[in-house]
């Protein structure tokens, strides 16, 4: 009777000389390599082509077929495992599989690290006799211990700490999947407060491929599995053999999300593309004290810019939506001409720039309205088709009910339209443009049969990189920004908008188990600028008059007045995180509204505080959060966006929100400081452990302070 064998290798192998080999055989079971506390295995998800289901309206691309999942090949099913150690290098060779044949071989190399971790440098499979395609490689799959309180640091949005209810997940099932879209950075970690945490990242050229990071419930009691996943091209040649085209690292450590972010940052700093990004000139963006995310024509968007600069003497950046002649989220990508006419638009841009403003406008760099008649002229040839044969399309706007189809990196028709648009905008005198959805969303595999690229694979990422670079080449000196940060594109965009400091409004579905943390301010600081919030002084969502009659009536003011603390919370939190301050949908009606006098004063004071402390908040390094004690407050938030009527919006409640937000920073000259803000309308006492000292004080209502380490 044969028995299941687990091969145990420890970090002590790093100090051995020469090579040793061990061979084990087992019909099934725990066929994993043991490296310190971690058990390491793999899985190859397989699939086959079949005729796709009848497509929905607008989805017809011709000869549709779907890649249907039909099982997996795992290390647990392999017949034998041979392990060779040579110094600190470990090579594992799995052989034989019931369906793939006795000649099926999987090989992986690991380099052991002194701290008990390892780098994975290569993975390949060969000799597959099965007819199924390999649609996803999951390697390494790293099983580590967990408790019921183990949290997950994951790269969604700005970074999140997720606290799952582990009892709800069965063995081997996904607990958290990050990517391919919204992969803000390429690392995750399992966090154990007071114990050993486990860091895991993707390196090399992972950013140029369709990748994701996942956490699964372990198949052994009290374990979880950290997973790197890669979607390769699904071509016939990859049935028999293939490789994972990038490396990564696993490290056990003591600490939380901050230490994990610092580890990934340390690796990023060694890459040529990070160094190139960090060498860019951000001085123009550094002068900005406040962003205005405005929606509307010249008469709506221009006056608040002049008002604020006259009131404060500070520089405003206008992020201008709804300048275009088409309704928002409808008729993309045909933005030109402006709704105020070319001459009126250019005159407004000149007036604002002459008074010192930075001006950029909204464009969408990744979507085509597939319900617009012009879709017939090249839309299908440009679009992403998913593995199930359907268009990657979504209806964002519930009022126009048009769907936006996501565009592939192989889309010359679409890209030429956008390139012409961006040239027109540069010639209109703008400082830059915002190219929506690229950084956060241009990562999906494409299976469009009309395209020349292999089905799946990395055509989207690499095609978009060439496309954005062509926009840069067309418009020297133009500043480009996109939605959210990602390793794939951050070196091509100087700036990114981040809205998750307004997470009760934007991401309440994440609560209460998941809370955003400012990991992007650790990882990308100095190599890209981040700005943004959904803080709306008036409280009401914007309405594009080109959608038709506004559905909300006179009751709007009475509704939004019930949320007196929302603006200050959303506005202040992002500044504390080192995100450049932004107000949304700020109009001259807000200036005239006496209810908003305190909020507008706080807006001006906060912008000045940010500007005066840029040596920390723009130039500096975000330090590990210090311990702060203060009172808490119950705060209600209106969960309202442009696509919700106020009367249909819901309320989210934070039962105990800290009344003082804080962060700690180190300036380039070595000075350290704690940044504190009391966002409430009452004085608040605080106690802070910072720089080895206990600090205490009272902050007046709606005030900021800087406490420098002495």
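Every number in this text was worked out from the coordinates using simple rules, so none of it is lab data. The shown structure was predicted, so the numbers you read here are calculated from the model rather than taken from an experiment. Ideal geometry is used to build each Cβ from the backbone, glycine not excepted, and the neighbour counts take in all protein chains shown.
Out of (i) 18; (ii) 32; (iii) 29, which label holds the value of percent of Cα pairs over 49 Å apart that was computed here?
(i)
Among 616, 169, rank each residue by its count of other Cβ atoms within 10 Å, from fewest to most, as a rough exposure measure.
Ranked by crowding around the Cβ, least crowded first: 169, 616.
So what's the projected area for the stretch 212-270, the Cα convex hull averaged over all directions, in nm²?
6.4 nm²
What length, rounded to one decimal in nm, is gained on full extension from residue 395 through to residue 701, with 0.36 nm per residue of separation minus their alpha-carbon distance?
Roughly 105.9 nm would be gained on extension.
Would you calculate the separation in nanometres between label points at residue 601 and residue 666, each defined as 7 Å from the Cα along the Cα-to-beta-carbon direction?
Calculated label separation equals 3.8 nm.
Assign one of three labels to the stretch 127-280, namely rounded, prolate or oblate, based on the Cα gyration tensor with a ≥ b ≥ c the square roots of its eigenvalues; rounded applies when a/c is under 1.5, prolate when it is not and a/b is larger than b/c, and oblate otherwise.
It is oblate, given that a/c is not under 1.5 and a/b is not larger than b/c.
For labels at residue 240 and residue 689 in the simple 7 Å Cα→Cβ model, what's the distance in nm?
In this crude spin-label approximation the distance works out to 6.2 nm.
Quick one: if the Förster radius is 35 Å, what FRET efficiency do residue 276 and residue 644 give, using the C-beta to C-beta distance and rounding to 0.05?
Approximately 0.25, to the nearest 0.05.
When only C-alpha pairs under 8 Å and at least 6 residues apart count, what is the relative contact order of the chain, in percent?
Relative CO of the chain lands at 11 percent.
Let me check against my output: what whole-number percent is the relative contact order of the stretch 71-138, with C-alpha pairs under 8 Å and at least 6 apart?
Worked out over the stretch 71-138, it gives 24 percent.
Among rounded, prolate and oblate, which fits the stretch 52-182 when a ≥ b ≥ c are the square roots of the eigenvalues of its C-alpha gyration tensor, a/c under 1.5 means rounded, and a/b larger than b/c means prolate?
Taking the square roots of the gyration eigenvalues as a ≥ b ≥ c, the stretch 52-182 is oblate.
For a quick check: sort 162, 467 by the number of other beta carbons within 10 angstrom, fewest at the front.
Final ranking by Cβ density, sparse to dense: 162, 467.
Calculate the FRET efficiency for residue 550 and residue 347 from the Cβ-Cβ distance with a Förster distance of 25 Å, rounded to the nearest 0.05.
That pair, residue 550 with residue 347, gives E of 0.35.
Evaluate the relative contact order of the stretch 410-460 (contact order divided by residue number), counting alpha-carbon pairs under 8 angstrom at least 6 apart; express in whole percent.
With pairs under 8 Å counted, the relative contact order is 31 percent.
To make sure I understand, if each residue's beta carbon is the centre and we count other beta carbons within 10 Å, what order do 70, 148 fall in, fewest to most?
With the sparsest Cβ surroundings first, the list reads 148, 70.
Across the stretch 316-383, what fraction of all alpha-carbon pairs, as a whole percent, falls in each successive 10 Å bin from zero upward?
Binned Cα distances yield the sequence 19, 42, 25, 12, 1.
Assuming R0 = 51 Å, can you tell me the calculated FRET efficiency for the pair residue 287 and residue 168, based on Cβ-Cβ distance, to the nearest 0.05?
Given R0 = 51 Å and the Cβ-Cβ separation, E is 0.55.
Mean residue ellipticity at 222 nm from the helices of the chain, using -39,500 (n - 2.57) per DSSP H segment of n ≥ 4 over the full residue count, to the nearest 500 deg cm²/dmol?
One gets -5500 deg cm²/dmol as the mean residue ellipticity at 222 nm.
Is the shape of the stretch 254-374 best called rounded, prolate or oblate, per the rule: a/c under 1.5 gives rounded, else a/b larger than b/c gives prolate, else oblate, with a ≥ b ≥ c the square roots of the Cα gyration tensor eigenvalues?
Verdict is oblate for the stretch 254-374.
Between residue 708 and residue 205, what is the spin-label point distance in nm, taking each point 7 Å from the Cα along the Cα→C-beta axis?
4.8 nm
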